[in-house]
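K.L.:
Following this message is one structure expressed as structure tokens.
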Protein chains: 2
Amino acid sequence: MDSGPTHQAVPHLTTALTGPLLALEERFLERETRIEQWFHERWLSAPTPFYASVDLRNAGFKLAPVDTNLFPAGFNNLNPAFHPLCIQALQAAVERLCPKAARILLVPENHTRNTFYWENIGALVLLLERAGYHVRIGSLLSDGETPPSMTLANGRALPVARIIRDGDRVTVPGFNPCLVLLNNDLSAGPPEILKGLAQPVMPPLSLGWWNRLKSDHFTQYRRLAVEFGEVNDIDPWLIDPIFRRCGRIDFQKRDGEDCLAHNVDEVLGLVREKYREYGITQEPFVIVKADAGTYGMGIMTVRHTDEVRQLNRKQRNKMSVIKEGQTVREVMVQEGVYTFETLGPQQAVAEPVVYMVDRFVVGGFYRVHGTRGIDENLNAPGMHFQSLAFADSCSNPDGTQAPDAGPNRFYAYGVIARLALLAAARELQGTAGASA
Amino acid sequence: MDSGPTHQAVPHLTTALTGPLLALEERFLERETRIEQWFHERWLSAPTPFYASVDLRNAGFKLAPVDTNLFPAGFNNLNPAFHPLCIQALQAAVERLCPKAARILLVPENHTRNTFYWENIGALVLLLERAGYHVRIGSLLSDGETPPSMTLANGRALPVARIIRDGDRVTVPGFNPCLVLLNNDLSAGPPEILKGLAQPVMPPLSLGWWNRLKSDHFTQYRRLAVEFGEVNDIDPWLIDPIFRRCGRIDFQKRDGEDCLAHNVDEVLGLVREKYREYGITQEPFVIVKADAGTYGMGIMTVRHTDEVRQLNRKQRNKMSVIKEGQTVREVMVQEGVYTFETLGPQQAVAEPVVYMVDRFVVGGFYRVHGTRGIDENLNAPGMHFQSLAFADSCSNPDGTQAPDAGPNRFYAYGVIARLALLAAARELQGTAGASA
């Protein structure tokens, strides 16, 4: 996962398709102060989900989020030049939620020895320490299992201790944290040991994937896109992927196939209409994904309705089980958004991922993949994408440069990513009462 | 005021004298998380003064603030690479003080057509706009005077309107601000038009130079330096200049000369003792400055007690009147701190200035002066220093590099500057009840 050459810090857009996106970027630039003001107003009544990463797809004519991760990994992929932004935002986030916090217990994923993931944990620990917090890593693994003892590429050891429950608090030996920070998406459900704690748990257990549906997120996002579009005179479709959901799917038993086929058909039809309206000659496609899925598991690209009726055993297996062995029952059918950002002479496909802490964009990177297509998901298990850190920050557009110049494109990414963050905040409001 | 060559982004320290400073920087590095934690705790009970700049002097063996400006100019001198930090911190500052603010009235200095100053106002306007606030510039000039109409080097016009009082609010035509942001240090006293407003005024009128004394600031700073020194096992003298104050001075009538001579003598003696303790062979000196002075007016370097007894007419004139024609009555005698940071083959003298917004260090620059001595003030009227923006942020030290490597030296600057910011916060607590 090397960084690419620095002179290629911004992928090239396939230029024929940039017309409407240029218009979008221009609109953002013109209205920047008002857009920021709009965000300030929205945040007055919304809680902050601590941190998040948002996968975007940039089709040139359309810029939209396709996934929002509230337990983001990949902090190691950010440009170190923007670590100060991260440090400042971490201080703001902790202060907002828990002003007296001095000691933070960071809870990583279980069952992974993925070195990239642990570099992420290492980066988070370092950033939190620089922000002025003492950090220990506490594992959710149960008594019989041994937490991994990892060593980072720079030689620093990352000791991992098993979490101990003590009344209404959790500790690790010699460390009584004021705050529990989750970097574990809780796919398997809210852990008993973290329930009913006196210590604040951030993000809250209710935002784990056991309780969260992508379709809820995108329902919130859709409302915000409409509102944002009205205020800024933007067709919300240009920033929002169309979607439908199917409950009660069983890929193994081939239950729910009709619902799936119907929804695929409907989404393809709606996208076709929009493509016609904007003179886009590409073929529409949809992404079928587990509604509670994560880690890029349980995802497929579909171009024709027939494809979901003719899934072979291997495809059905692939779609039916996601992380922690959870069975897929609910599925989202989402408009596929082409990525027309490519990098280098090989035209490697690139997809931006934007990182936020508190309400602030703190950086991002491109997932760059040499052999995947422009209509494929770039985040899949075992996939070794290259990461290319954003060269500029996302909060400092420059009206004297072209609308698609680096700082302005990154600003556009930051605007869309923050819309997705707001959508997550509204999910949080919605689930605040959820039992955890 | 050009930026220097970027390969000279950090001045060289005269190496013979760096021993104790290296020790200081090393201590800061070792204890970074605890230092940040200490700041978090202090901020829990202290108000934030919105923004500030702190002039530091780096003698190699000693790193100390010599002036803290709560109405900082010079935002145009910061490294644009750190504008995102500024934007983020401005959002934090406004949100903390006035969460619903959408429109900000920025009040600049009167009576100046200094183009550098207006570039500063232009930079502040741009940063506030990027942070999501609508900004107008409102002048305190009275009816008979015409506010200047300035044009920035980039061609942008900066319209300045006269402030209108309307009941308990101030406005400018077509603009009803939620917040009044002062970039005017109120040397002439709190303006009638800003008294008793329904809108918040930041920084508060009570922090203007009409009401503030440098000696009060350094009294607060001294307490913090002692506390910080105890916690971190650092001799507070290494970060704190010794000082004394004289009230009831009249330079024209030669009143108070004895007090001045006595204090100069005492400070020189104390510094001489400390120099002996640390084996420093330089000659001690003191800076005599107006206790309420600003803009580098009313400042002189003194090496012997006799000098303050033998002031000629020109020197007495220079010391007796400061900005807005205010007569100097109170004087501070402050230990002079050598600057042993020099730049380039000409060994131009450099002095760091650190900028903070809310509680965050957002950048800084070196004042570089080719013809001034290492024991002279570099901020004086009509002085055309060069500015060299900091190349690194002040919040991201790197333990894998030498203690005096760029990021680590900037971190040390940021620590000391934030101690001065905390001292200003305590002044604010002290003056909160002052009538304004």
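Values in this text are rule-based calculations from the coordinates and carry no lab data. Being a predicted model, the structure only gives us computed values, none of them experimental. FYI the Cβ positions are ideal-geometry reconstructions off the backbone, even for glycines, and counts take in every protein chain you see.
K.L.:
Does region B:319-365 come out rounded, prolate or oblate by the C-alpha gyration tensor, with a ≥ b ≥ c the root eigenvalues, rounded set by a/c under 1.5 and, if not, prolate when a/b is larger than b/c and oblate if not?
P.N.:
Note, shape of region B:319-365 comes out oblate.
K.L.:
Pop the C-beta distance of A:Thr112 and B:Tyr278 into the FRET formula with R0 = 51 Å and round what comes out to the nearest 0.05.
P.N.:
0.45
K.L.:
Along the Cα→Cβ direction, 7 angstrom out, place labels at A:Arg223 and B:Ala161. What is the inter-label distance in nm?
P.N.:
For the pair A:Arg223/B:Ala161, the computed spacing is 3.7 nm.
K.L.:
Give me, ordered by chain and number, the residues 5 or more places off A:Arg162 or on other chains with an amide H under 5 Å from its own placed amide H.
P.N.:
A:Ser139
K.L.:
Do any cysteines of chain A lack a neighbour Cys whose Cβ is under 4.7 Å away, and which are they?
P.N.:
Those would be A:Cys86, A:Cys98, A:Cys178, A:Cys394, since no other cysteine Cβ in chain A comes under 4.7 Å of theirs.
K.L.:
Then there's this: If we sort A:366-376, A:326-336 on the protection proxy, mean other Cβ atoms within 10 Å, highest first, what's the order?
P.N.:
In decreasing order of mean packing, A:366-376, A:326-336 become A:326-336, A:366-376.
K.L.:
When A:Lys214, A:Lys289 are ordered from fewest to most other Cβ atoms inside 10 Å of their Cβ, what list results?
P.N.:
Least to most surrounded, the residues fall as A:Lys214, A:Lys289.
K.L.:
Given 0.36 nm per residue, what is the gain on full extension from A:Met300 to A:Ala405 after removing their alpha carbon distance, in nm?
P.N.:
34.5 nm
K.L.:
Suppose you put the label 7 Å out from Cα in the Cβ direction; list, shortest first and in nm with one decimal, how far A:Gln315 is from each other copy's label.
P.N.:
9.2
K.L.:
Under DSSP H, which helices of chain B have Cα atoms covering 20 Å or more of the helix axis and a Kyte-Doolittle average no less than 0.5?
P.N.:
Helices meeting the criterion: B:83-97, B:115-130.
K.L.:
Just checking the output field for B:77-90: average partner chain Cβ neighbours within 10 Å of each residue's Cβ?
P.N.:
5
K.L.:
Can you give the FRET efficiency to the nearest 0.05 for A:Asp168 and B:Leu44, using r as the Cβ-Cβ distance and R₀ = 25 Å?
P.N.:
Values: r = 24 Å, r/R0 = 0.96.
Calculated transfer efficiency: 0.55.
K.L.:
Next up: As an exercise, identify the trypsin sites (Lys or Arg not before Pro) in region A:118-189 lying in DSSP coil whose Cβ has no more than 15 other Cβ atoms within 10 Å.
P.N.:
Sites meeting the loop and neighbour criteria: A:Arg156.
K.L.:
In nm, give the distance between the simple-model label positions of B:Ala153 and A:Gln310, each being 7 Å from the Cα along the Cα-to-Cβ direction.
P.N.:
Result for the modelled spin labels: 6.6 nm.
K.L.:
Inter-copy label distances at A:Arg276, 7 Å along the Cα→beta-carbon direction, one decimal in nm, shortest first?
P.N.:
9.6
K.L.:
Aspartates and glutamates near B:Lys318 by alpha-carbon distance under 14 Å, same-chain residues fewer than 8 away left out - which ones?
P.N.:
In chain and number order, the partners are B:Asp250.
K.L.:
Quick one: order A:Asp166, B:Asp67 by neighbouring beta-carbon count within 10 Å, fewest to most.
P.N.:
Going from least to most buried by this count: A:Asp166, B:Asp67.
K.L.:
While we're looking at this one, here's another question. At 7 angstrom along the Cα-to-beta-carbon line, where would the label on B:Gly344 sit relative to the other copies? Give the distances in nm, shortest first.
P.N.:
Distances to the matching label points in the other copies: 4.2 nm.
K.L.:
Quick one: work out the % antiparallel among DSSP beta bridges in the protein assembly as shown, nearest 5.
P.N.:
Roughly 80 percent of the DSSP beta bridges within the protein assembly as shown come out antiparallel.
K.L.:
Give me D for region B:99-199 in µm² s⁻¹, whole number, from Stokes-Einstein with Rh from the Kirkwood sum over alpha-carbon pairs, 25 °C and 0.890 mPa s.
P.N.:
176
K.L.:
Hey, what does the equivalent ellipsoid look like for region B:195-307, semi-axes from the Cα gyration tensor as sqrt of 5 times each eigenvalue, largest first, whole Å?
P.N.:
Sorted largest first and rounded, they come to 29, 23, 10 Å.
K.L.:
Along each principal axis of its Cα atoms, how long is chain A end to end? Whole angstroms, biggest number first, please.
P.N.:
Cα extents, longest axis first: 64, 58, 43 Å.
K.L.:
Relative to the compact-globule scaling 2.2 N^0.38 Å, provide the ratio for the alpha-carbon radius of gyration of region B:14-147.
P.N.:
It is 1.33.
K.L.:
Also, quick follow-up: What number, rounded to the nearest 500 deg cm²/dmol, is the helix-based mean residue ellipticity at 222 nm of chain B, given -39500 (n - 2.57) per DSSP H run of at least four residues and division by all its residues?
P.N.:
About -10000 deg cm²/dmol.
K.L.:
So if each residue of separation counts as 0.36 nm, and I subtract the Cα-Cα distance between B:Ser142 and B:Asn176, what length gain in nm does that give? It would help to have the intermediate numbers written out before the result.
P.N.:
Working: separation 34, 0.36 × 34 = 12.24 nm, distance 1.94 nm.
Fully extending the segment from B:Ser142 to B:Asn176 adds 10.3 nm.
K.L.:
Can you tell me the equivalent ellipsoid semi-axes for region A:69-108? Use √(5λ) from the Cα gyration tensor, largest first, whole Å.
P.N.:
20, 14, 9
K.L.:
Which residue, B:Gly144, B:Val170, B:Tyr117, has the largest displacement toward the positive end of the dipole of region B:99-199 when charges sit on each Cβ (Lys, Arg +1; Asp, Glu -1)?
P.N.:
B:Val170
K.L.:
Give the dimensionless ratio obtained when the Cα radius of gyration of region A:243-336 is divided by 2.2 N^0.38 Å.
P.N.:
Normalised by 2.2 N^0.38 Å, the Cα Rg of region A:243-336 equals 1.08.
K.L.:
On to the next question. Give me the orientation-averaged projected area of the Cα convex hull of the protein assembly as shown, in nm², one decimal.
P.N.:
For the Cα atoms of the protein assembly as shown, the hull's average projected area reads 38.5 nm².
K.L.:
How far, in nm, would the chain grow between A:Arg248 and A:Arg103 when pulled straight, counting 0.36 nm per residue and subtracting the alpha carbon separation?
P.N.:
Here the segment from A:Arg248 to A:Arg103 would lengthen by 47.9 nm.
K.L.:
Place a label point 7 angstrom from the Cα of B:Ala198 along the Cα-to-Cβ direction, then list the residues of region B:147-164 whose backbone nitrogen is under 17 Å away.
P.N.:
B:164
K.L.:
On to the next question. Take the residue pairs A:Lys62/A:Lys100; B:Lys214/B:Lys314; B:Lys62/B:Lys289; A:Lys62/A:Lys214 and return only those whose Cα atoms are more than 32 Å apart.
P.N.:
Flagged as over cut-off: A:Lys62/A:Lys100.
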